[in-house]
Each structure stands twice: as structure tokens, then as C-alpha cells.
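Trainee: Below you will find the structure I want to go over with you.
Where a number appears in this text, it was derived from the coordinates with a stated rule and is not lab data. Treat the numbers as computed from the prediction; the structure is a model and nothing was measured. Cβ sites come from the backbone with ideal geometry, for glycine too, and all protein chains shown count toward neighbours.
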Amino acid sequence: MKCNYIWQIPTLLIAGLLLAGCFQGQPSKKPPIHLNPNMDHQQKVKAQAESKFFENGSGMRLPVEGTVARGYLRENTVYYGGKDESGKPVAKMPVTITEKLLQRGRERYTIFCQPCHDGTGSGKGIVVKRGFMPPPSFHLDRLRNAPDGHFFDVITNGIRNMPTYRHQVPVADRWAIVGYIRALQRSQSATIGDVPQDKRNELK
Ligand code: HEC
């Protein structure tokens, strides 16, 4: 047993020296030895890389014309564009108004529209007070009588000096905001006829 230990020490030393010293600092054109290559090296075209296979030399391809990503067909122009087949803004929104929808609309309106249009929609938001050009009040007859689709279109595409909010506000939320703006408009021009009979005596 003792004898074995004595021989192990120099053997390990020599093996270690050999390993550490082998080919160190020697340039080589060959790739380093890769004991377990798995799928690290395979023939493939990487994004943005050159390719000799395709005529224009680029490995990246454009999708076939007319390709539509899953979930983006959006054939329903009324829901996704706020316009009917003839391209006119729809008079009535294609979504049922519920209290939940209006609550969502109020929340989204407060985040994305109130800074300029203010809480009542009169167009005197905080950004306007700091010098941004004032938007028109939602309570003008012109906007009171405008079709629902017009509001959807303004959010989607912006209008004159107002930028688009399509990237911040998804389609379902745009309709929720439209519903809420309608409620705001109504709130500023309500008559006693808008209050349900049994709630009228609660008014002061
Ligand atoms: C950065 C300020 C700003 C924000 C935020 C903003 N708007 Fe506007 N909006 C404007 C301005 C300014 C105009 C007037 C544009 C013009 O006439 O040049 C306008 C105009 C409008 C109009 C009237 C369009 C017409 O027919 O004259 C509507 C409707 C409207 N905005 C809806 C919205 C809604 C809904 C949101 C939230 C999703 C929103 N805006 C967010 C600034 C803003």
C-alpha cells in the first residue's frame, strides 16, 4: 500500500505538467476539441447573417406576400377599424355597453386621455395647462353628434395635432374608452329624463 502512494505523486505531477504545457500558446486554425458537441455546431443561417444560397446574399427572408400572423387577420372592419364596408365611421359601437366596460373605459381614459382632455372631457388637462395646444371639448355639438367610430378612429390614428394611441391602447380598450366618452358627454348634458324614476327623489 505504502509503495502505491509514493508512485502516485510523481505520476500525477508529470501528467499535470504535460496537460498544462501541451501546445500552450501555439496558434491553430482548427477549432478547439469539443468533447461533447451536442447541437452546438450545426448548419444553419443565423439572423442577419450572410447566405450564399439566396440570390440577394442575405439569410433573412421576407414572409410570403399576404402572410398574416396568427390572430392578426382582423377581417372585421367594424370592430378593428370602427368603419363599415364603405369606409364610413360606424354610428354605434360594436360592443355591448356594460358597467364593467365603462369602468375599464374610465380607467383607461384617466391614464391615456385625461392628461390633455381632463376629467370631464372639456379639454383643459394638466398638459394643456403647461402649454400644450388645447383639444376641443367633447361637449361641442359637433363631437356630441359624431359617430362612435369617429372616436375609435381618433384613438387609432390620431388627428391633426393629436398623436395616435394605437400602441398604448389595444382595440378592446379603445371601445371601452369610446363608451366612457359617451357617458361623459351624457353626464354634461343630462336631463331629468335620463335619471330613472325611482332615483329621482335622491337628487338634491
Ligand atoms: C397629448 C395630449 C392628448 C392626449 C393624451 C389625447 N389627446 Fe385627444 N386631442 C389632443 C389635441 C391637441 C386634439 C386636437 C387636435 C387638433 O385639432 O389638431 C385632440 C383631439 C381629440 C378629439 C377630437 C377630434 C375631432 O374630431 O376634432 C378626440 C375625439 C380625442 N382627441 C380623443 C382622445 C382620446 C380618446 C384620447 C385617449 C386615448 C386622447 N384624445 C388623448 C390631445 C390629446
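Trainee: Less than 15 Å Cβ to Cβ from K46, Lys/Arg counted +1 and Asp/Glu -1: what total charge do the surrounding residues give?
Mentor: Surrounding charge for K46 is +1.
Trainee: Let me have the relative contact order for the range 79-191, percent, based on Cα pairs under 8 Å that are six or more residues apart. Each step should come with its number before you reach the end.
Mentor: Values: 136 pairs, mean separation 39.2, N = 113.
Over the range 79-191, the number comes to 35 percent.
Trainee: If you don't mind, there's one more thing I want to ask. Would you please classify the overall shape of the range 79-191 from the alpha carbon gyration tensor, given that a ≥ b ≥ c denote the square roots of the eigenvalues, rounded means a/c under 1.5, and beyond that prolate means a/b larger than b/c while oblate covers the rest?
Mentor: Working: a/c = 1.42, a/b = 1.27, b/c = 1.12.
Here the range 79-191 falls in the rounded category.
Trainee: If you put +1 on each Lys and Arg Cβ and -1 on each Asp and Glu Cβ, how big is the dipole of the range 93-147 around its Cα centre, in Debye rounded to 20?
Mentor: Here the size comes out at about 100 debye.
Trainee: Treat every Asp and Glu Cβ in the chain as -1 and every Lys and Arg Cβ as +1, leave all other atoms uncharged, and give the resulting dipole magnitude about the Cα centre to the nearest 20 debye. Working shown, then result.
Mentor: Working: 29 positive and 17 negative charges, 81 e Å.
Dipole about the Cα centre, nearest 20: 380 debye.
Trainee: Do the sum for the chain: with -39,500 (n - 2.57) for every DSSP H run of n ≥ 4, divided by all residues, what is the mean residue ellipticity at 222 nm, to the nearest 500 deg cm²/dmol?
Mentor: When only DSSP H runs of four or more count, the value is -11500 deg cm²/dmol.
Trainee: Now, a different point. Give the lysines whose C-alpha is closer than 26 Å to that of K83, dropping any in the same chain fewer than 8 places away, or say none.
Mentor: Partners found: K92, K100.
Trainee: Which of the lysines could be linked to K52 by a straight reach, that is with a Cα gap under 20 Å, when you skip same-chain ones fewer than 8 residues away?
Mentor: The qualifying lysines are K44.
Trainee: Need one word for the chain: rounded, prolate or oblate. Basis is the Cα gyration tensor (sqrt eigenvalues a ≥ b ≥ c); a/c below 1.5 gives rounded, then a/b vs b/c decides.
Mentor: Here the chain falls in the prolate category.
Trainee: What does the net charge come to around L102 if you take all other residues with beta carbon closer than 13 Å to its beta carbon, with K and R at +1 and D and E at -1? Walk me through the numbers on the way to the answer.
Mentor: Working: positive: K100, R104, R106, R108, R182, R186; negative: E99, E107, D173.
Here the count lands on +3.
Trainee: Now, a different point. Roughly how tilted is helix 148-157, in degrees to the nearest 10 and between 0 and 90, from the longest Cα axis of the chain?
Mentor: Roughly 30 degrees, rounded to the nearest 10.
Trainee: So, with +1 on the Cβ of K and R and -1 on the Cβ of D and E, and no other charges, what is the size of the charge dipole of the range 79-191 about its Cα centre, to the nearest 20 debye?
Mentor: Magnitude of the dipole: close to 220 debye.
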